[in-house]
Amino acid sequence: VINKAGTSTFSFDDSNIVGGVNVFGTGLDKLYNSVEVQFPNKDLDDGNDFVRIDLTSGQRKSAEPDNLMKLNYPLVNEPVQAQLLGFLELKQSRIDNTIEFIADYTASKVSAGDVVDITNTAHSYTNKLFRILQTEEINTGASIQIKITALEYDATVYDADFSRTLRSNADGVISIGD
């Protein structure tokens, strides 16, 4: 499933959510704030190259430690595409609101990648958008239920604004004497 911008395809609320709703967050020390993407650069006869993107201090939370995400895209040979994919992964990784719940059988139509909206009184959600990460069918004997795991959806993840990022000019080669 292509991870791209989308709109809600299904609605969950207190009528089709069975049981409790669990919401999880990511700790400050687990947030990535830079990404290094290794790829075979077509301009270098498919020799290994990398791009590195660091978030500016204004995009980071206070007291957030440095945390580098390393990605390898062996089938991407265009530097701009590698940078875009790395940037999207970095922005997606900073969304730290994951939800987990069990829904009735009507949820069997949703699948991983779908964007859904959730209304839940206990968490004060009203049509809050989430992207489905995983669905699991549960047979209770009396009924079939669907366990849903989803990540908060943020359409701004797909805005490729490279003007606020810094591309490193480090080539990773250590010169003699260093």
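Less than 5 angstrom separates the built amide H of residue 153 from those of 129, 130, 131, all sequence-distant by 5 or more or on a different chain. Restricting attention to the chain, the count of lysine pairs at 8 or more positions apart or across chains with alpha carbons under 18 Å apart stands at 8. For the stretch 51-145, the set of trypsin sites (Lys or Arg not before Pro) satisfying both a DSSP loop assignment and a count of at most 10 other C-beta atoms within 10 Å is given as 61. Within the accessible surface of the chain, defined with a 1.4 Å probe on protein heavy atoms only, the carbon and sulfur portion equals 50 percent.
With mean projected area of the Cα convex hull in nm² defined as stated, name the option among (i) 10.2; (ii) 13.7; (iii) 13.0 computed from the structure displayed. Correct label, based on the coordinates given: (ii).
Between 0 and 90 degrees, the angle of helix 79-93 with respect to the longest Cα principal axis of the chain falls at about 40 degrees.
With all protein chains kept in place, the per residue accessible area of the stretch 1-78 amounts to 62 square angstrom at a probe of 1.4 angstrom.
Only helices enter this figure: runs of n ≥ 4 DSSP H residues, each worth -39500 (n - 2.57), summed and divided by the residues of the chain, yield -3000 deg cm²/dmol at 222 nm to the nearest 500.
The values are calculated or read from the model by the stated rules, or taken from the named source; none is laboratory data. Note that the coordinates shown come from a computational prediction; the quantities given were computed from them, not determined experimentally. All Cβ positions, even for glycine, are placed from backbone atoms using ideal geometry, and neighbour counts span all protein chains on display. To get the accessible areas, we keep the full protein, side chains included, count just its heavy atoms, and leave off ligands, DNA and RNA. Shrake-Rupley method; radii C 1.70, N 1.55, O 1.52, S 1.80 Å.
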